[in-house]
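The values are calculated or read from the model by the stated rules, or taken from the named source; none is laboratory data. Since this is a predicted model, take the numbers as computed values, not measurements. Methodologically, a virtual Cβ is constructed for each residue, glycine included, from the backbone with ideal geometry; neighbour enumeration extends over all protein chains shown.
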Amino acid sequence: MRIVANTVVGASDNAIEIGGNKMESNGCTYSELPQNAYYEENLLVNFTGDAFWLYAPSTQTYVENIAWPQVGSATGVTFVDPLLTRNAMGA
């Protein structure tokens, strides 16, 4: 599995949650963790938990992911202010 070049803004907890043990959401159950997944050049902004949250130990590869502000675990990210600004439409 490859998760590359995504932008996540305003997560109410962890920006990206990986796997889980019977974690249920909207009727879906996730019971397995991806093995050897690859996360590259993702931008994670304005979250309140960890940038990447693993529900169990698993081999993952993280390359050049950016997170801001500096909260939670630094696993898989570099904390850098991406200097984002809103455009005239508020986006």
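General remarks:
- Against the conditions (1) assigned to a loop (DSSP other than H, G, I, E, B); (2) modelled with pLDDT of 90 or more, Thr61 satisfies every one except (1).
- Counted residues, region 43-58 - those being in a loop (DSSP other than H, G, I, E, B), touching a strand residue (DSSP E or B) at 6+ places or on another chain (Cβ under 8 Å) and surrounded by fewer than 19 Cβ atoms within 10 Å (Cβ to Cβ): 3
- With respect to the conditions (1) among the hydroxyl-bearing types (Ser, Thr, Tyr); (2) surrounded by fewer than 17 Cβ atoms within 10 Å (Cβ to Cβ); (3) modelled with pLDDT of 90 or more, Tyr39 lacks only one, and its number is (2).
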